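Student: Below is one structure. I have some questions about it.
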Amino acid sequence: MTALGFLYPGHSAEDDYPRIEQLLGSDIRLDVVHTDIGTDAHRVDALREMGSAERLAAGVEQLRMSGAESVVWACTSGSFVYGWEGAHEQVRTLAHSAGMAASSTSFAFVHAAREIGAGRVAVAATYPDDVAGLFAEFLRAGGIEVGQVRGAGIITAAEVGTWGEEEVFALAREADSPDAEAVLLPDTALHTAGHIPALEKDLGKPVLTANQVTVWEALRLTDRRVNAPALGALFTKEPIVQV
């Protein structure tokens, strides 16, 4: 059994995690601990406070007790708002307080894009334009070329959590462009776990979504690779082992 730990801010789309656990169909357990979201706003000051070391440290002990082997801060905006170097410091501090390998969803996107060979991506963000732009800057700092960026202008994670399939597909289509090798949907408050194969079929290219890449990153930290086509192209890099 591989136990993976996640620090998830508030309550929006955390039900993606049990769904992903089921789709992995393996000896993998996903343990989610909720952190204090503070002010629910896609605003730089609120996001920096949400991702503070104190708020993340508060959830670490519960994950240690669960036997988690790695921990990922399951929040994209609450990590990339610190910038490339600041996000590294955030992860280093989390790893120290948790006593285990750590990362964040922002770094998960960079690593996942590299994994699928997507050098140029499009961004379909629920955020306001200024916050979406900070995510694009973060990706560029990680060596990923960013083409079109679409922001939906939503302020709260609570509202994002109410979006269904129709809104998710519409945003992804608006952001996509012919030269993009993948489309990224960066908000962990957005329900996407049940839509990824259909999104990839609709767009004709890989799609990376926040909760999907967060779980993949936690697996990467524990040197686990799982073939799970129901979770999209990212989870088909590992060949199926015939027993």
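Student: Per residue of region 104-111, what does 6.51 cos²θ - 1.76 cosθ + 1.60 with θ = phi - 60° give for ³J(HN,Hα)? Whole Hz please, x for Gly and Pro, Karplus curve as stated.
Tutor: 9, 4, 4, 5, 4, 5, 5, 5
Student: With θ set to phi - 60° and the Karplus curve 6.51 cos²θ - 1.76 cosθ + 1.60, what are the ³J(HN,Hα) couplings of region 30-43 in order, to the nearest whole Hz, using x for Gly and Pro?
Tutor: So the Karplus estimates, Gly and Pro as x, are 10, 9, 10, 10, 8, 9, 6, 7, x, 7, 7, 7, 7, 10 Hz.
Student: In vacuum, with every alpha carbon of region 170-243 counted as one equal point scatterer, what does the Debye formula give for log10 I(q)/I(0) at q = 0.20 Å⁻¹? Two decimals, please.
Tutor: -0.86
Student: Follow-up question, since we're still on this one. Short version: ³J(HN,Hα) in whole Hz for each residue of region 230-235, in order, from phi by Karplus 6.51 cos²θ - 1.76 cosθ + 1.60 (θ = phi - 60°), x for Gly and Pro, what are they?
Tutor: 5, 9, x, 4, 4, 9
Student: Per DSSP H run of at least 4 residues, take -39500 (n - 2.57); add these up for the chain, divide by its residues and hand me the 222 nm value, nearest 500 deg cm²/dmol. Intermediate results must be reported in sequence, preceding the final value.
Tutor: Working: 11 runs with 109 residues, N = 243.
Only helices count here, giving -13000 deg cm²/dmol.
Student: Relative contact order for the chain: what percent, with Cα pairs under 8 Å and sequence separation of 6 or more?
Tutor: Relative contact order here is 22 percent.
Student: Then there is this: First measure r as the distance between the Cβ atoms of Glu89 and Asp223, then evaluate 1/(1 + (r/R0)^6) with R0 = 22 Å and state the FRET efficiency to the nearest 0.05.
Tutor: Calculated transfer efficiency: 0.35.
Student: Just to confirm my numbers, what's the Cα centroid distance between region 157-230 and region 55-103 in Å?
Tutor: Result: 22 Å between the Cα centres.
Student: Amide H to amide H under 5 Å from Ser70: which residues, 5+ apart in sequence or cross-chain, H placed 1.01 Å off N in plane?
Tutor: Amide H neighbours of Ser70, under 5 Å, 5+ apart: Gly5.
Student: Place the peptides 68-78, 178-188, 160-170 in order of packing, highest mean first, counting for every residue the other Cβ atoms within 10 Å and averaging per peptide.
Tutor: Final packing ranking: 68-78, 178-188, 160-170.
Student: Then there's this: Please compute the Kirkwood hydrodynamic radius over the chain, one decimal place, Å, based on all pairs of different Cα atoms.
Tutor: One over the average 1/r among Cα pairs gives 17.4 Å for the chain.
Just so you know, all these numbers are worked out from the coordinates, no wet-lab data involved. Computed from a prediction, not measured in an experiment: that's the story for all the values here. Here Cβ is always computed from backbone atoms with ideal geometry, including for glycine, and neighbour counts include all displayed protein chains.
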